[in-house]
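Colleague: Questions regarding the structure given below will be posed in turn.
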Amino acid sequence: MYDVALYGHLTLDRIFNDFKKDCTIGSIGNVWKQLISLDPKLKIYIEPTDIGEAMILVNQRNNERSSVANLSLLHKDPVVKKSNWSHIMYINELNNIDYIKDIDDGIVSADICRGKKIKDVSILKNIDFLFLSDEDEFMKPIELCKMLRKGLILHHPLGSTYYDSKGNKQEFETKFVDNVNVLGCGDMLAAGFINFYLKSKNISSALKNAHQSVYNILENQRQGLNGNS
């Protein structure tokens with residue numbers, strides 16, 4: 001039995017921050033890195049179903065980023081393993097989402113990236129938590145949350161709003177950090193929520209701690225860039 005199983009996209013990211021170039025692993029890689037940073041003892045199952053590439057431009061001065069990508073150069077159907085938590089990355093861009101129906105244990109979460117629409121929104125009834133950036137909203141949150149088993153985490157630069165499956169909502173605020181690279185923050189927030197919810201079973205506590213963990217990373221980055229660390 002695994003603590004966390006990660007399915008979906010694994011990408012090779014070519015990042016341009018002004019004229020500085022870097023190459024790193026994204027998508028599942030971002031979530032895995034944050035999970036093991038928060039708790040190295042977590043037993044994590046990694047099962048990419050789609051492998052692709054992305055070219056990403058970061059505007060650090062305005063905390064912006066944009067990308068072009070081919071997220072599914074290679075594809076395979078996954079081997080599903082028993083886990084306390086299964087997280088599926090970028091369900092709107094996956095070739096196959098039918099296997100989500102076969103996950104019959106633990107908590108199931110997913111996220112959505114900018115791009116295509118979900119092929120079959122009925123799949124949401126098999127998902128407990130959905131992570132969505134306010135930049136990528138594709139329907140009204142108050143309607144979307146009612147399609148999920150537990151709720152929607154709609155995140156933005158200053159925090160997030162949690163909508164439960166009945167339409168009730170809670171606001172969570174975080175401090176804004178300027179002049180930093182915000183690439184992967186949504187993935188880090190998801191990883192933080194997964195880690196803290198597994199430990200506390202409390203949505204409010206898990207979201208507050210997840211936001212704090214992302215803030216700490218960005219603040220450390222800012223201080224390092226400014227020569228203060």
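Every number in this text was worked out from the coordinates using simple rules, so none of it is lab data. Please read all numbers here as calculations on a predicted model, not as lab measurements. Please note: Cβ atoms are built from the backbone with ideal geometry, for glycine as well, and neighbour counts cover all protein chains shown.
Colleague: Taking N as the number of residues in the stretch 94-229, what value does Rg over Cα atoms divided by 2.2 N^0.38 Å take?
Modeller: Compactness ratio reported: 1.10.
Colleague: Please give, to one decimal in nm, the separation of the simple spin-label points placed at residue 98 and residue 175, each 7 Å out from Cα toward the Cβ.
Modeller: Here the modelled spin labels are 5.0 nm apart.
Colleague: Among the listed pairs 117/199; 21/175; 175/201; 76/208; 76/169, which have their C-alpha atoms separated by more than 31 angstrom in this model?
Modeller: Flagged as over cut-off: 117/199; 76/208; 76/169.
Colleague: Kindly provide the Kirkwood hydrodynamic radius of the stretch 125-182 in Å, to one decimal, from all pairs of distinct alpha carbon atoms.
Modeller: 11.9
Colleague: Right, another one. Hey, which aspartates and glutamates would be in cross-link range of residue 33, C-alpha to C-alpha under 14 Å, not counting anything within fewer than 8 residues on its own chain?
Modeller: 187
Colleague: Would you grab the residues whose amide H sits under 5 Å from the one on residue 46? Only those 5+ places off in sequence or on another chain, please, with H modelled 1.01 Å from N.
Modeller: Counting only residues 5 or more places away or on other chains, the set is 6.
Colleague: So, one more: Please give the contour-minus-distance gain from residue 14 to residue 84: 0.36 nm per residue of separation, less the Cα-Cα distance, rounded to one decimal in nm.
Modeller: 21.9 nm
Colleague: Given an 8 Å cut-off on Cα distances and at least 6 residues of separation, report the relative contact order of the chain as a percent.
Modeller: This gives 16 percent for the chain.
Colleague: Follow-up question, since we're still on this one. Would you mind getting me the FRET efficiency between residue 142 and residue 201? Use the beta-carbon distance for r and R0 = 25 Å, nearest 0.05.
Modeller: The calculated FRET efficiency here is 0.50.
Colleague: Please list, in chain and number order, the residues 5+ apart from residue 25 or on another chain whose amide H is under 5 Å from its amide H, with Hs placed from the backbone.
Modeller: Counting only residues 5 or more places away or on other chains, the set is 13.
Colleague: State the extension gain, in nm to one decimal, for the chain segment bounded by residue 134 and residue 168, taking 0.36 nm per residue of separation less the distance between their alpha-carbons.
Modeller: Net length gain for the segment: 10.5 nm.
Colleague: I would also like to ask the following. Return the distance in nm (one decimal) between the two label points of a simple spin-label model at residue 59 and residue 125, each offset 7 Å from Cα along Cα→Cβ.
Modeller: Inter-label distance under the simple model: 4.2 nm.
Colleague: Kindly work out what percent of the DSSP beta bridges joining two residues of the chain are antiparallel, to the nearest 5.
Modeller: Just about 45 percent of them are antiparallel.
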